[in-house]
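Report on the structure given below.
The values are calculated or read from the model by the stated rules, or taken from the named source; none is laboratory data. Please read all numbers here as calculations on a predicted model, not as lab measurements. All Cβ positions, glycine included, derive from the backbone under ideal geometry; neighbour counts span all protein chains shown.
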Amino acid sequence: MARRTSKIWLLLAPLLALAAVIAIIFDVLNKPHSIADIGQTLRMSDVTEMTHLYPWRPKSERALLPVPPDRAVDIIDPDLHVPLQRFVQGLDSSSESDSLQTDGNHRETALSFYPTASQADVRRPRLSQTFAPGGDVVIAEKLWRLDGTLAHKMANSDDGRFADVSEYADDGYTVTFQKKTDLHPEDYWNGPRLLEERHYLDKDHGHALVFSSIYNPDGTSTITNFDSDGHVLREAIWSKWHSVAGTKVVAYYPGTHKIRFSSQSNSIEDAVAYYRLDGTQSHQLSISNGHTTVTTFDKNGVALPYEQYFDRIDKTVDGVVKSEYKLLFLTEKDAAGHMTRRVDLWHQPGLPDSEDRFNVTIGGVRYLEVDSLYAADGTLETVKYWKDELKDPPDKVETHLPAENIRMQLPDDETRLDLPSLDGDDLPVPPPLRGPGGH
């Protein structure tokens with residue numbers, strides 16, 4: 001009797017062992033694990049002996065374990081014949097675990113891990129993502145550093161209209177960047193609209209707000225730069241639709257509430273007023289496409305009588321706009337704002353091509369206009385006089401020879417490029433339009 005019982009157990013033992021292995025496999029399938037988890041649950045010998053998890057399915061629907069590097073394994077629903085879970089392992093020992101949507105093609109969630117030195121090492125999560133139904137659009141995600149601290153987080157609102165993004169310092173909780181976007185604005189045809197954006201210094205530097213961009217209810221946007229102490233450095237109010245025309249900018253001296261420059265733009269030019277620390281105006285600039293007109297003010301804030309007109313070529317060097325200037329002409333005005341003089345310098349820097357004087361008295365005679373023309377070497381060639389009407393021929397013409405060496409000496413103040421720094425942060429917003437030769 002004992003011998004018969006032993007034989008029965010000898011026959012049943014392999015069957016019971018096989019049943020135990022099958023139970024483990026179905027436990028794995030019912031509770032999806034990562035590749036490493038599956039390796040811990042199923043011994044290598046078990047996996048080797050049970051080559052296909054679904055031997056009754058067509059070969060194309062079978063899932064193989066374990067996963068070799070740079071391969072993927074799908075756990076397939078035996079009834080729907082579609083993958084439910086996917087495990088991916090890269091050549092660098094990185095891995096990813098995906099839950100699939102009911103179509104078996106698109107991901108519902110994905111969790112990827114940093115590479116490990118060996119399969120026995122603890123895996124560290126790198127990126128977690130949640131996808132919208134029926135596609136691969138990410139609606140939520142988190143990114144971790146190798147040390148486990150949170151680096152980035154994004155989440156869409158429940159209705160899918162708004163997206164919030166945050167980035168974090170090395171500690172994993174100090175916010176360094178925030179952005180909120182309207183993904184489907186009802187009154188905007190040009191794609192998503194930025195609603196809010198903020199930049200902060202890291203914790204070691206006081207975690208101060210240094211930049212903000214806020215979309216206002218009236219359709220304008222306010223963009224503000226701050227210093228590390230919270231003082232406003234510059235505030236730009238962009239007009240609706242982020243158009244240049246109507247944009248206003250005010251910049252301040254660091255650490256103060258004193259205005260450094262203020263500007264207002266239209267469709268043709270930026271009109272920019274620069275101020276000294278004592279509050280007096282130093283310059284008035286008109287910045288247009290390829291040209292800059294400059295009015296200079298004395299130390300008391302009184303405008304000097306001349307106005308300079310420069311040709312400007314803007315070039316981008318290492319991401320910074322640099323401007324090259326050439327003085328083309330200058331004008332003078334009287335106290336009533338009427339032009340009294342214009343000097344053109346189109347060819348040689350510092351050498352006049354012509355000088356036009358208006359309503360001027362010479363030798364007791366009042367002239368409506370007197371034009372002086374100069375040779376390329378700067379010597380006077382011809383002077384034309386008109387008394388009451390600009391007509392041809394003039395009322396009087398003088399000619400001069402180069403040997404006479406009659407020249408016009410322009411004051412240095414009138415020909416010198418006397419501008420506030422216009423590079424980098426000193427450029428108003430928007431910056432000058434690109435001129436000829438700019439790139």
| message | I'm trying to understand the selection: among the residues of segment 101-122, which are out of contact with any Gly (no Cβ under 9 Å at 6 or more places or on another chain), outside any strand (DSSP E or B) and at pLDDT 85 or above? | response | Y114
| message | Could you list, ordered by first residue, the pairs with Cβ atoms under 8 Å in which the first is in segment 178-191 and of a type in the set (A, V, I, L, M) and the second is exposed (fewer than 15 other Cβ atoms within 10 Å of the Cβ) and modelled with pLDDT under 90, at least 6 apart or interchain? | response | L183/G160; L183/R161; L183/P192
| task | Taking D171 as meeting all but one of (1) in contact (Cβ under 8 Å) with a residue 24 or more places away in the chain; (2) under 30 Å from G301 (Cβ atoms); (3) loosely packed, with under 13 Cβ neighbours inside 10 Å, write down the number of the exception. | result | (2)
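Yes/no per residue for (1) free of Cβ contacts under 8 Å to residues at least 12 places away in the same chain; (2) under 14 Å from R357 (Cα atoms):
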site: T379; (1), (2): no, no
site: K387; (1), (2): no, yes
site: P393; (1), (2): yes, no
site: E398; (1), (2): no, no
site: A403; (1), (2): yes, no
site: Q409; (1), (2): yes, no
site: D412; (1), (2): yes, no
site: R416; (1), (2): yes, no
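Taking into account only those residues within segment 332-381 that are out of contact with any His (no Cβ under 8 Å at 6 or more places or on another chain) and among the aromatic types (F, W, Y), which is surrounded by the most Cβ atoms within 10 Å (Cβ to Cβ)?
Initial filter on segment 332-381 (out of contact with any His (no Cβ under 8 Å at 6 or more places or on another chain)): 332-352, 354-357, 360-375, 377-378.
Next, from what is left, pick out any that are among the aromatic types (F, W, Y): 346, 367, 374.
Values: W346: 13, Y367: 20, Y374: 24.
My answer is Y374.
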| note | Within segment 83-133, of all residues that are within 15 Å of W144 (Cβ to Cβ) and hydrophobic (A, V, I, L, M, F, W, C), the one surrounded by the fewest Cβ atoms within 10 Å (Cβ to Cβ) is V122
| request: Could you figure out which of (1) in contact with a Ser or Thr (Cβ under 8 Å, 6 or more places away or on another chain); (2) of a type outside the set (V, I, T); (3) buried (at least 18 other Cβ atoms within 10 Å of the Cβ); (4) closer than 23 Å to E235 by Cα isn't true of A271? | output: (3)
| When the residues of segment 240-256 are filtered to those that are surrounded by fewer than 14 Cβ atoms within 10 Å (Cβ to Cβ) and polar (S, T, N, Q), which remaining residue is farthest from V165 (Cα to Cα)? | T256
| Single residue of segment 204-239 satisfying the filter (under 21 Å from F261 (Cα atoms) and among the small types (G, A, S)) that is surrounded by the fewest Cβ atoms within 10 Å (Cβ to Cβ) | G230
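Is there a residue being among the hydroxyl-bearing types (S, T, Y) and either in contact with a His (Cβ under 9 Å, 6 or more places away or on another chain) or not in a strand (DSSP E or B) (or both) anywhere in segment 321-331?
Looking only at segment 321-331, we keep the residues that are among the hydroxyl-bearing types (S, T, Y), and these are 323, 325, 331.
Among the residues that remain, those that are also either in contact with a His (Cβ under 9 Å, 6 or more places away or on another chain) or not in a strand (DSSP E or B) (or both) are: none.
No; the residues of segment 321-331 include none that is among the hydroxyl-bearing types (S, T, Y) and either in contact with a His (Cβ under 9 Å, 6 or more places away or on another chain) or not in a strand (DSSP E or B) (or both).
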| request: With the checklist (1) without any contact (Cβ under 8 Å) to a residue 40 or more places away in the chain; (2) outside any loop (DSSP other than H, G, I, E, B); (3) under 22 Å from H81 (Cα atoms) in hand, flag the one item G134 doesn't pass. | output: (2)
| query | For segment 230-317, which strands (runs of 3 or more DSSP E) that fit wholly inside it have 3 or more residues that are touching a residue at least 60 places away in the same chain (Cβ under 8 Å)? | reply | 232-238, 259-265, 270-275, 281-288, 291-297, 303-317
| Going by the conditions given, is P393 at pLDDT 90 or above and assigned to a loop (DSSP other than H, G, I, E, B)? | yes
